[in-house]
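Presented below is the structure to which this report refers.
Every read-out reported here was derived from the displayed coordinates using simple, explicitly stated rules and does not represent laboratory data. Quick caveat: nothing in here was measured; it's all calculated off a predicted structure. Cβ sites come from the backbone with ideal geometry, for glycine too, and all protein chains shown count toward neighbours.
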Amino acid sequence: MEKLLKEKDEKYIKDLFSSKLESEVELVLFLQSEGGDKVTKFNSQYLPYTEEILKELVSLSDKLTLTVYKDDKEKEEEYGVEQISALFVEGKNTNKNVIYYGIPSGHEFSSLLEDIIDASRGTTELSDKTKAELKRITSPTEILVFVTPSCPYCPRAVRTAHQMAMENNNIKGVMIEANEFPEWSQKYSVYAVPKVVINDNVQFEGALPEDAYLENVLKGAGKIILE
Amino acid sequence: MEEFTNIFVGEETVKADSKIIYDIAIIGAGPGGLTAGIYAGRSRLKTLIFERLSPGGQIAVSDQVDNYPGFPEGISGKELTDRMEKQAVRFGAEIVPDEVRKIKKEGNLFELETASSGIVKSKAVIIATGADPVKLPVPEEEKFRGRGISYCATCDAAFFKDKTVAVVGGGDTAIADAIYLTKFAKEVIVVHRRDQLRAVKALQEEAFENPKIKFQWNSVSEHVIGENKVEGLEVKNVKTGEKVLLKVDGIFVAIGTVPNSNIVKGLVELNEKGFIKTNQNRETSVKGLFAVGDVRDTPLRQVVTAAGDGAIAEFSAENYIKNLEYIER
Ligand SMILES: Cc1cc2nc3c(=O)[nH]c(=O)nc-3n(C[C@H](O)[C@H](O)[C@H](O)COP(=O)(O)OP(=O)(O)OC[C@H]3O[C@@H](n4cnc5c(N)ncnc54)[C@H](O)[C@@H]3O)c2cc1C
């Protein structure tokens, strides 16, 4: 396969990682052979590209590793994998809860870069108020963010979900690339992205600022909004 | 393939520091704001650019820009603004992922109230907040927004593979959207209230040659029909009064823009449509407060004009700051 990352982008990422990364980050990628129970007929063509992008990415810093589990039922169970491909960003402040279903490409590639930096440093840029409010969530809460790679407004919605997951490991932040998972998207009537679904009961479309996003997450988690 | 191997790396963002006084705060990282950022950075001014969504602005959703000089084969809007962003950051402008909610002037300083960085202070401010699409004027807009009504063809076209969609509008954006949508949809119906398009001739020719594009002339949208998602668009012929139900699964809307001038309402002079009035230095009715690009009262709203505005406004802001410092001394 031809290389996917351009040389100038590689150089930029290398410099970025060497100045920003602190502790090690593991990217855990789940794949299945064609016909696997979690692959859709729409996305088998994407899988080699997903693996290739990640291989190229981890080669840009010795603080990054890529672990690939292929057709590994046991590991899929352990990580709670729902569809293939699934990518988990494992670092200081994550615990199998910062997830990408489908290829982290197009505009979402920048989300992955930022996630890696946050996971390596154990910090996020959410406001202090958001961080404090998130502490109130004590039961499992899932934020699904449906995107397409060509949507420039989507990375912000993905990043907010992932940062929230990093601040509170009861939260799972899940990106779903809608092209690869049409049935999953249809289940939530996704016709426009970004679309965010919290615990199956609260949903919104479009990119919301952090405070309004938080309000929806708290609502979805069954928390009363305090002022 | 190309669609998902097209990788955007983006630039690093920073947090605003509420303890220091910035020279220039730019609000909005579209072509106007980014160009102002390039000039301010090169002048070694302490510069922040606030962006509530993602750098690039409206043009980031356009897959092909054919009228920005220097790119004879055309360039995608995102690629173009990615370059502008890199250029601004290279010269020291800092991009802050935050929304500015309100602007106040206290003495000679501006205070920006932000969503998550608290109050940020600066000597001069450049408003580059651009514009948002006008909502489809039907009673069902809110119900079907995100359920078949879309304002971003590049974001949402993929959900309408082999479906029939309507594009409402007749300007550049509408026709470019219609052409883009033919890559996915089986049929695209352009609904336009006149009997000819407003879009530039080059785009018109391309649309007329495309067999997937049909036209519903002299028609305005009345109602969106559907259970849980869009199933049809009822249009009325403005000449005959006749109503027609178009069976479509999606409706892409491009009928103009509204300026994002709310944050300065009551502070600066606006025209009757809400666009910010400026003089030739791009200065508003408030000293030290400048406006550029689509949010400005201007005859042409394009990338190249927004960029031009950005350069002029930065130049004026710099002079304003120098003058201020001179007076203070
Ligand atoms: C589909 C489409 C196709 C187009 N094609 C062309 C073309 O081919 N050629 C051409 O020249 N022009 C084209 N245009 C027009 C062009 O996009 C605009 O003229 C140009 O983007 C205006 O730039 P701007 O910097 O003034 O504002 P915008 O591009 O609108 O950018 C404003 C930015 O400010 C941000 N913002 C707003 N409010 C706040 C706030 N309170 N706090 C923080 N950030 C804020 C927004 O999120 C946005 O990113 C097209 C437009 C569209 C929609």
Cα-projected label distance for B:GLU234 with B:LYS102, points at 7 Å along beta-carbon direction, nm: 4.3 nm
Distance between region B:199-227 and region B:58-104 - C-alpha centres, whole angstrom: 29 Å
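For peptide A:101-110, how many partner chain Cβ atoms fall within 10 Å of a residue's Cβ, on average?
5
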Derived scalar couplings ³J(HN,Hα) [region B:141-153; Karplus, 6.51 cos²θ - 1.76 cosθ + 1.60; whole Hz; x for Gly, Pro]: 3, 5, 4, 9, 5, x, 10, x, 8, 9, 10, 9, 5
Potential lengthening between B:LYS183 and B:ASP132 on full extension [0.36 nm per residue; Cα-Cα distance subtracted]: 15.9 nm
By average C-beta atoms within 10 angstrom, highest first, the peptides B:56-67, A:98-109, A:213-224: A:98-109, B:56-67, A:213-224
Chain B: calculated mean residue ellipticity at 222 nm from DSSP helix runs of at least 4, using -39500 (n - 2.57): -7500 deg cm²/dmol
Region B:176-191-region A:158-223 distance, computed between alpha-carbon centres (Å): 29 Å
Nearest-20 debye value, chain A charge dipole, Cβ charges on Lys, Arg, Asp, Glu: 400 debye
Shielding by partners, peptide B:54-66 (average Cβ within 10 angstrom, other chains): 2
FRET efficiency, 1/(1 + (r/R0)^6) with R0 30 Å, evaluated for B:GLN64 and B:ARG90 via beta carbons: 0.70
Region B:158-300 shape via C-alpha gyration tensor axes, a/c threshold 1.5: prolate
Interchain or long-range residues, amide H under 5 Å from B:LYS102's placed H: B:GLU113
Distance (nanometres) between label positions extended 7 Å along Cα→Cβ at B:GLU227 and A:THR67: 4.5 nm
For a label point 7 Å along the Cα-to-beta-carbon line of B:GLU141, residues of region B:159-198 with backbone N under 13 Å: none
Cβ-derived FRET efficiency at R0 60 Å, B:ASP195 paired with A:LYS92, nearest 0.05: 0.45
A:GLU82/B:VAL304 FRET efficiency (R0 45 Å; Cβ-Cβ; nearest 0.05): 0.45
Estimated inter-spin distance, A:LYS8 and B:TRP217, nm [label 7 Å along Cα→Cβ]: 4.6 nm
Sorted by Cβ density within 10 Å, fewest first, the residues A:PHE88, B:PHE91, B:PHE252: B:PHE91, A:PHE88, B:PHE252
Most positive-pole-ward Cα, A:ALA119, A:PHE88, A:THR130, against dipole of region A:88-147 from beta carbon charges: A:THR130
Global geometry of region A:7-220, whether rounded, prolate or oblate, following the gyration tensor of its Cα atoms and the 1.5 cut on a/c: rounded
Only Lys, Arg (+1) and Asp, Glu (-1) charged, at Cβ; the protein assembly as shown dipole about Cα centre in debye: 1640 debye
Ascending count of other beta-carbon atoms within 10 Å, so fewest first, for B:ILE327, B:ILE175: B:ILE327, B:ILE175
Degrees, to the nearest 10: B:77-90 long Cα axis against longest axis of chain B: 10 degrees
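Using 21 Å as the Cα-Cα cut-off, could you pick out the over-long pairs in B:LYS19/B:LYS46; B:LYS46/B:LYS78; A:LYS41/B:LYS163; A:LYS131/A:LYS223?
B:LYS46/B:LYS78
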Shielding by other protein chains, A:150-159, mean Cβ within 10 Å: 6
Packing-based exposure ordering (other Cβ within 10 Å, fewest first) of B:VAL248, B:VAL120, B:VAL167: B:VAL120, B:VAL248, B:VAL167
Across A:LYS75/A:LYS96; A:LYS92/A:LYS135; A:LYS96/B:LYS15; A:LYS195/B:LYS161; B:LYS201/B:LYS277, pairs whose alpha-carbon gap is larger than 21 Å: A:LYS96/B:LYS15; B:LYS201/B:LYS277
Degrees, to the nearest 10: B:31-42 long Cα axis against longest axis of chain B: 20 degrees
